[in-house]
Amino acid sequence: MTNAAPKISIIMGSDSDLPIMQDAADVLDELGYAYELDIVSAHRTPERMMAFSQQAHTRGIRVIIAGAGGAAHLPGMVASLTPLPVIGVPIKSRNSIDGWDSILSILQMPNGVPVATVALNAARNAGILAAQIIAAGSGELRSIIDYKKRLEQAVIEKAKKVKR
């Protein structure tokens, strides 16, 4: 992680979400973006969630990645309280309905309260999207361009191995 002040906040409802949400942190490390990582439960610490959501932009945060399983209210509640873009990561938890409860809870937001939603357990994509949002706003797209080039090269190398 860089020494710069974090512009991206990665939050989750429980420490059981960390194995999935770590993927967002890992890709941000790879891309060189500073972030903060925390547990903020919509149901067990609602006042903490409200304070976090209302104050994140005053601390220099520019994008919030919020992961949640089950009822998955965290991304939507945060989005209702912050002026920042929120990226929701639906997580298939142990008490989940095959992940669909989380997906629909995050995806089906009412007009006026948008949450960008990635695929089930796709925290890595959330990290990439957060970096793209920051890069687009700052004009510093080089890390994203280089990352996508590495993805392209990996596919080309795999294709060479498979092609007959």
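The values are calculated or read from the model by the stated rules, or taken from the named source; none is laboratory data. Computed from a predicted structure; not experimentally measured. Cβ coordinates were reconstructed from backbone atoms using ideal geometry, including for glycine residues, and neighbour counts include every protein chain displayed.
Out of all the residues in the stretch 8-51, which are farther than 17 Å from S93 by Cβ and acidic (D, E)?
D26, D29, E30, E36, D38, E47
Name, by its number, the condition in (1) within 18 Å of A135 (Cβ to Cβ); (2) in contact with a His (Cβ under 8 Å, 6 or more places away or on another chain) that does not hold for Y33.
For Y33, the exception is condition (2).
Can you list residue pairs whose Cβ atoms sit under 6 Å apart, with the first residue in the stretch 88-107 being without any contact (Cβ under 8 Å) to a residue 24 or more places away in the chain and the second being β-branched (V, I, T) and not in a helix (DSSP H, G or I)? Count only pairs 6 or more apart in sequence or on different chains.
Once the first residue is without any contact (Cβ under 8 Å) to a residue 24 or more places away in the chain and sits in the stretch 88-107, its partners that are β-branched (V, I, T) and not in a helix (DSSP H, G or I) give L107/T117.
Kindly indicate whether H73 is touching a residue at least 24 places away in the same chain (Cβ under 8 Å) and loosely packed, with under 15 Cβ neighbours inside 10 Å.
no
Taking the residues in the stretch 110-164 that are part of a loop (DSSP other than H, G, I, E, B) and touching a Gly at 6+ places or on another chain (Cβ under 8 Å) as candidates, determine which candidate is modelled with the lowest pLDDT.
Step by step, filter the stretch 110-164, then rank; the result is V113.
Only one of (1) touching an Asp or Glu at 6+ places or on another chain (Cβ under 6 Å); (2) more than 16 Å from P90 (Cβ to Cβ) is not met by A123, so which one is it?
Against the list (1) touching an Asp or Glu at 6+ places or on another chain (Cβ under 6 Å); (2) more than 16 Å from P90 (Cβ to Cβ), A123 comes up short only on (2).
Only residues that are surrounded by fewer than 16 Cβ atoms within 10 Å (Cβ to Cβ) and hydroxyl-bearing (S, T, Y): list them for the stretch 8-22, please.
Of everything in the stretch 8-22, just one residue is surrounded by fewer than 16 Cβ atoms within 10 Å (Cβ to Cβ) and hydroxyl-bearing (S, T, Y), namely S16.
Condition first: more than 22 Å from A4 (Cβ to Cβ) and of a type in the set (S, T, Y). Now tell me which residues in the stretch 31-82 satisfy that.
Selection gives S41, T45, S53, S80.
I'd like the full set of residues that are basic (K, R) and under 17 Å from the mean Cα position of the chain (by Cα), limited to the stretch 36-79.
Taking the stretch 36-79 and keeping what is basic (K, R), we get 44, 48, 59, 62.
Residue satisfying the conditions is R62 alone.
With respect to R94, is the statement that it is at pLDDT 95 or above and basic (K, R) true?
In short, no.
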